[in-house]
1. When the residues of region 186-212 are filtered to those that are of a type in the set (D, E, K, R) and at pLDDT 95 or above, which remaining residue is nearest to the chain's Cα centre (by Cα)?
2. Select from region 165-202 the residues that are crowded, with 16+ Cβ neighbours inside 10 Å and touching a strand residue (DSSP E or B) at 6+ places or on another chain (Cβ under 8 Å) and list them in ascending order.
3. Could you give every pair whose Cβ atoms fall below 7 Å, whose first residue belongs to region 83-104 and is at pLDDT 95 or above, and whose second residue is part of a strand (DSSP E or B) and among the basic types (K, R), counting only separations of at least 6 or pairs across chains?
4. For region 142-240, give me every one of the strands (runs of 3 or more DSSP E) that falls completely inside it and has 3 or more residues that are within 23 Å of R95 (Cα to Cα) and either touching a Pro at 6+ places or on another chain (Cβ under 6 Å) or within 12 Å of the ligand (Cβ to nearest atom) (or both).
5. Go through the residues of region 97-116 one by one and say whether even a single one is of a type outside the set (V, I, T), assigned to a loop (DSSP other than H, G, I, E, B) and surrounded by 18 or more Cβ atoms within 10 Å (Cβ to Cβ).
6. With respect to I160, determine if the residue is at negative phi and without any contact (Cβ under 8 Å) to a residue 60 or more places away in the chain.
7. If we keep just the residues of region 66-85 that are under 14 Å from the mean Cα position of the chain (by Cα) and within 12 Å of the ligand (Cβ to nearest atom), which is farthest from F234 (Cα to Cα)?
8. If the Cβ limit is 8 Å and pairs must be 6+ apart or interchain, which residue in region 125-139 that is touching a residue at least 40 places away in the same chain (Cβ under 8 Å) and in a loop (DSSP other than H, G, I, E, B) pairs with which residue that is crowded, with 17+ Cβ neighbours inside 10 Å and not acidic (D, E)?
Amino acid sequence: MIDKQSPIPIYHQLEEYIKQLIESGILKPDEAIPSEREYSEQYQISRMTVRQALNNLVNDGYLYRQKGRGTFVNKQKVEQKLQGLTSFTEDMKERGLVPSSRLISFEIIPAEPQLARKLDIKENTPVYEIKRVRMADNLPMALETTCLPANLVKGLTEEIINKSLYQHIEEKLSLTISEATQQIEASIAKETEVNHLQVESGSPVLLIVRTSFLEDGTPFELVKSAYRADRYKFVHTMQRAT
Ligand code: 16G
């Protein structure tokens with residue numbers, strides 16, 4: 001498995017080997033992996049080399065360390081397709097994960113100028129502002145702040161937003177959700193994100209800003225979210241540009 005004659009650095013070979021064991025499910029989430037010493041003895045390689053491989057795997061979110069206990073296998077990242085407009089609830093269910101939300105705040109606020117412009121409403125029009133921690137199998141995935149014009153997306157209650165907003169919009173309000181524009185940016189978790197997402201300070205997050213539209217082109221939500229970069233990756237297919 002480790003080929004010392006290969007031009008590929010040994011730390012990288014070990015890294016790829018451990019990655020394969022994780023991706024194929026041989027190493028299971030929360031399982032402890034062998035120690036630096038064990039790897040170094042088993043493959044006759046230096047502990048420095050092992051450490052470099054393990055550090056890279058920790059930084060890439062494949063492994064996590066617990067002080068005094070060892071190094072463990074992380075849950076695999078959720079792969080989110082960038083094609084297709086879906087809700088958090090749908091995404092998690094499709095993967096066999098149980099979606100849930102922890103409501104942080106839910107209020108009606110007057111739209112400030114920038115928000116009003118983005119939602120194409122008059123300044124000070126009432127807007128629902130909802131802050132939720134979105135969870136999968138009870139683990140925090142994202143901290144999401146959603147703003148919706150209150151006289152368009154009517155009748156929201158805690159019960160509804162603890163389930164699915166999109167389901168309410170489509171099934172109860174009979175509105176047709178059509179498209180969204182979205183931007184994704186890398187960042188470091190801010191203090192509130194550290195607390196709600198249960199990550200260490202300095203952890204990477206993916207910031208996503210989405211504006212979504214009904215079929216007649218009316219914007220119905222502006223959503224700002226911070227996704228845990230160790231739990232999420234985004235994938236999409238591309239056609240060759242002509
Ligand atoms: C996703 C959407 C968010 C939408 C929510 C509805 C992103 C970045 N955000 O989290 O815009 O409001 O789904 O989910 O994908 P729900 O129907 O489960 O409440």
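1. As a first pass, look at region 186-212 and keep what is of a type in the set (D, E, K, R): 190-191, 193, 200, 210.
Still in the list and also at pLDDT 95 or above: 190-191, 193, 210.
Values: K190: 15, E191: 17, E193: 12, R210: 14 Å.
Here the answer is E193.
2. L165, Y166, I169, L175, I177, A189, E193, H196, L197, V199
3. Cβ pairs passing all conditions: F88/R134; S101/R132; S101/R134; R102/R132; L103/R132; I104/K131; I104/R132.
4. The strands (runs of 3 or more DSSP E) meeting that bar are 177-188, 204-214, 219-228.
5. Filtering region 97-116 down to residues of a type outside the set (V, I, T) leaves 97, 99-103, 105-107, 110-116.
Okay, now just the ones that are also assigned to a loop (DSSP other than H, G, I, E, B), so 97, 111-112.
When the remaining residues are screened for being surrounded by 18 or more Cβ atoms within 10 Å (Cβ to Cβ), the result is 111.
Within region 97-116, one or more residues are of a type outside the set (V, I, T), assigned to a loop (DSSP other than H, G, I, E, B) and surrounded by 18 or more Cβ atoms within 10 Å (Cβ to Cβ).
6. Values: at negative phi: yes; without any contact (Cβ under 8 Å) to a residue 60 or more places away in the chain: yes.
So I160 fits the description; yes.
7. First, the residues of region 66-85 that are under 14 Å from the mean Cα position of the chain (by Cα): 75-82.
From what is left, the residues that are within 12 Å of the ligand (Cβ to nearest atom) are 78, 80-82.
On the way: V78: 8, Q80: 5, K81: 6, L82: 6 Å.
Step by step, filter region 66-85, then rank; the result is V78.
8. D137/L97; N138/S100
The values are calculated or read from the model by the stated rules, or taken from the named source; none is laboratory data. Model, not experiment: these values are computed from the prediction. For neighbour counting, all protein chains shown are included, and Cβ atoms are generated from backbone atoms with ideal geometry for every residue, glycine included.
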